[in-house]
Amino acid sequence: MCGVSIVINRNDRNDDEKLIIDSLNSKISNRGPDAEGYYFGTNFAFGHRRLSIIDLSSAGHQPMLRGELCITYNGEVYNYLELKQELEELGHGFVSQSDTEVILAAFQEWGTDAFKKFNGMWAFALHDASKNEIILCRDHFGIKPLYFTTTNSYFLAGSEVKQFTAIDEFIPRLNKAVAVNFLVNGLLNYSEQTFFDGVRELRPGHFLRYNLTTHQYNVTQWYDLESAAARKDVSYPDAVHAVGELFRNSVRIRMRSDVRVGSCLSGGVDSSAIVSVIHKEQIANDDFATVTSCYTDVRYDEQVFSDQVSKQTGFRAIKVFPDLNHLLDMGDLDKMIYHQDQPFSGASHYSEYKVFQAASKEQIIVMQDGQGSDEFLCGYGEFYIAYLKELISSFRWMKAVSVLNEKSRHRKINLLKELLSVGKTIIEPFVVQLLRKILNKKVHPWLSEKWRKIAYDSLLNFEGGGVRELSLKEIQYSSIPYQLHSEDRNSMLFSIESRLPFLDHRLVEYGIGIPSEYKIRNGFTKAVLRDAIGELPECIKRRTDKMGFVAPDPVWMIQNKERVRKDLENVVSSMNIFSNELLNRFDRFTKGELGYEPIYFRAMAFYRFCVIFKIRVD
């Protein structure tokens, strides 16, 4: 796991790449504390910061050369041993034990078709001298980041947007469409656009080909999830078996490491499944440990479940208790925003931050984590609604009633109450929208008139559709992209590589392809996974509630209402984005007259983001 820097002089000069690549690389030293390297070509330069995971020797240093190829690479290709054997049989030789050299050999053999053979996470730049071109490439789901922009003189690319702020020609201007989608709907990382106008994210499953002769580039999609996730006509027992095999293999290859490995453990099904499989398969290192985020408020705490996993596996359990007061008192909020390169919606990101901080103190270099399964195995509540809509639209009404009945039993309420609850969830947004129109109520009244117009023109909505369609949207646009962004920044801030077994592309494709009723079954979400992992403690296997990384935002806001309000006053007075209604609503919330609204945290984080990066708003 590393950081990469790329600069191309669009004016075909060679006099300043050293200074610029140094500046870009220095911004991401936390991504690679073990080594720093450079490669200077004609009119371009590569930089690299190394976090040594596989082949700790100097043979694994980057940028790495092989024939006419040079690469600067961030990530891990977990199936590198299998690919290496295949390439050796084709006549390729190797001088290191690194996966980096395997990528180069694979590109020599198969060109861009090699990307389809990789199983892992990556973002790299590869110079091919024979064609005088540079290729930027990103993995299937965008687990590892890669951004690019152009200035008058340069094409710049790197692991984090903050790298570009080191260049005088780069002017940080606000992308208003991105900003308003965040403020209103909490959307993050949903497209190639970023909060910085003119900075683009290379989208997951795409590569960019840059011609160093003409200075023209084009972006090509090499992976299409919808096509890859073909519908599967299999029995439930066969699906359970296949999911179990794919998941165990995914965990096994993600345990390949020459440094210490540990795991996040929330007490939910996903992280518990990872830790349980590691124990059952006997693939843990001797000093394997788990890290759990805990709260004294039981509404936000899962220790009762994580303790069961620790008891069953015998792994050392490390617990961290995030203190939200440190967000302001210790400057942690500003530190997180700087390293995230963007604002975020709530303090749950702080729980994740503290987990990786604790892992770093314990000198755990690689962490397994459970992100990803909810989006293709129906772990979120919206999938329950999508499944019911799917059944009703296909005239499977009795099955829909059965699903409602199973859910009501788990919630320990009668069928009528469950039906009313579902009806309210489906109908309420339309009723609210209609009433606003009838009563001429302003939508998003805490926005200024100008920004309400921007919202009207720019807001996006990724909801709707059946289970399969919802999975595809959440993986590609609305859920997975921002979770991966947060995971990468929070882990790499502490020089830790985070690995995500549920985002093995084979498992995701299979999970999307199987019938919806295999995922929501007998009142349980992720049913096929629960039945596939026999190692899970029974209390976790039968959990029906979901928590994950959470934090008591409303409680913290009320406890710190004076300080938060002062921040919101600065937001309203110094930016023409918000109206005084933001303060009015916050006051009503602290008095108990209104429920909590995420806009309070979003506005505060957004304001601090603009200040930290000196963003030009107008």
To the nearest Å, what is the center-to-center distance of segment 460-510 and segment 238-306, using C-alpha atoms only?
-> 18 Å
Could you please report the charge total around Val95, scoring K, R as +1 and D, E as -1 over all other residues with beta-carbon less than 10 angstrom from its beta-carbon?
-> 0
Quick one: order Trp397, Trp556 by neighbouring beta-carbon count within 10 Å, fewest to most.
-> Trp397, Trp556
Yeah, segment 186-303 with a ≥ b ≥ c from its alpha-carbon gyration tensor (a/c under 1.5 is rounded, else prolate when a/b outruns b/c, oblate otherwise) is prolate
With point charges of +1 on the Cβ of Lys and Arg and -1 on the Cβ of Asp and Glu, referenced to the Cα centre of the chain, which listed residue (Ile615, Ser516, His505) lies farthest in the positive direction of the dipole?
-> Ser516
Quick one: which residues, 5+ away or cross-chain, put their amide H under 5 Å from the amide H of Leu187? H built at 1.01 Å from N.
-> Phe182
Under unit Cβ charges (Lys, Arg +1; Asp, Glu -1), what dipole magnitude, rounded to 20 debye, does segment 571-618 have relative to its Cα centre?
-> 200 debye
Long pairs among Lys162/Lys614; Lys361/Lys526; Lys407/Lys519; Lys162/Lys335; Lys354/Lys566, criterion Cα-Cα beyond 22 Å | Lys361/Lys526; Lys354/Lys566
Which order do Arg585, Arg49 fall in if you start with the one that has the fewest other Cβ atoms within 10 Å?
-> Arg585, Arg49
In vacuum, with every alpha carbon of the chain counted as one equal point scatterer, what does the Debye formula give for log10 I(q)/I(0) at q = 0.05, 0.07, 0.08, 0.12 Å⁻¹? Two decimals, please.
-> -0.22, -0.45, -0.59, -1.37
Note: Glu88 to Asp12 extended length (0.36 nm per residue) minus current alpha-carbon separation gives 23.5 nm
May I ask you to compute the full-extension gain from Arg563 to Tyr477, defined as 0.36 nm times their residue separation minus their alpha-carbon distance, rounded to one decimal in nm?
-> 27.5 nm
Stokes-Einstein, Kirkwood over Cα pairs, segment 185-234, 10 °C, 1.306 mPa s; D in µm²/s equals 115 µm²/s
Taking the dipole about the Cα centre of the chain, with the C-beta of Lys and Arg at +1 and of Asp and Glu at -1, give me whichever of Phe321, Leu19, Gly466 is farthest to the positive side.
-> Gly466
Dipole magnitude of the chain about its Cα centre (Cβ charges: Lys, Arg +1; Asp, Glu -1), debye to nearest 20 | 2240 debye
Taking amide hydrogens as modeled 1.01 Å from N in the peptide plane, which residues meet the under 5 Å criterion relative to Tyr78, leaving out close sequence neighbours?
-> Asn119, Gly120, Met121
Calculate for the chain the 222 nm mean residue ellipticity that helices alone would give, adding -39,500 (n - 2.57) per DSSP H run of length 4 or more and normalising by residue count, nearest 500 deg cm²/dmol.
-> -13000 deg cm²/dmol
Förster radius 22 Å - calculated FRET efficiency between Asp329 and Asp297 (Cβ-Cβ, nearest 0.05) | 0.70
Cα atoms only, segment 221-371: Rg and Dmax in Å?
-> 18.0, 56
Sorted by Cβ density within 10 Å, fewest first, the residues Phe609, Phe376 | Phe609, Phe376
If we restrict to alpha carbons, what Rg and Dmax does segment 553-612 come to, in Å?
-> 10.8, 33
With point charges of +1 on the Cβ of Lys and Arg and -1 on the Cβ of Asp and Glu, referenced to the Cα centre of the chain, which listed residue (Asn584, Gly93, Val528) lies farthest in the positive direction of the dipole?
-> Asn584
Could you pull out every one of the aspartates and glutamates with an alpha carbon less than 12 Å from that of Lys84, ignoring same-chain neighbours closer than 8 positions?
-> Asp99, Glu101, Glu109
Electrostatic dipole magnitude of segment 329-394 [Cβ: Lys, Arg +1; Asp, Glu -1; Cα centre; debye, to 20] = 80 debye
Please sort by residue number the GluC sites (Glu not before Pro) in segment 553-618 whose DSSP state is loop and whose Cβ has at most 13 other Cβ atoms within 10 Å.
-> Glu593
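No lab work stands behind these numbers, since they all come straight from the coordinates. Predicted, not measured: the structure shown is a model, and the values here were computed from it. Using ideal geometry, Cβ is built from the backbone for each residue, glycine included, and neighbour counts are taken over all protein chains shown.
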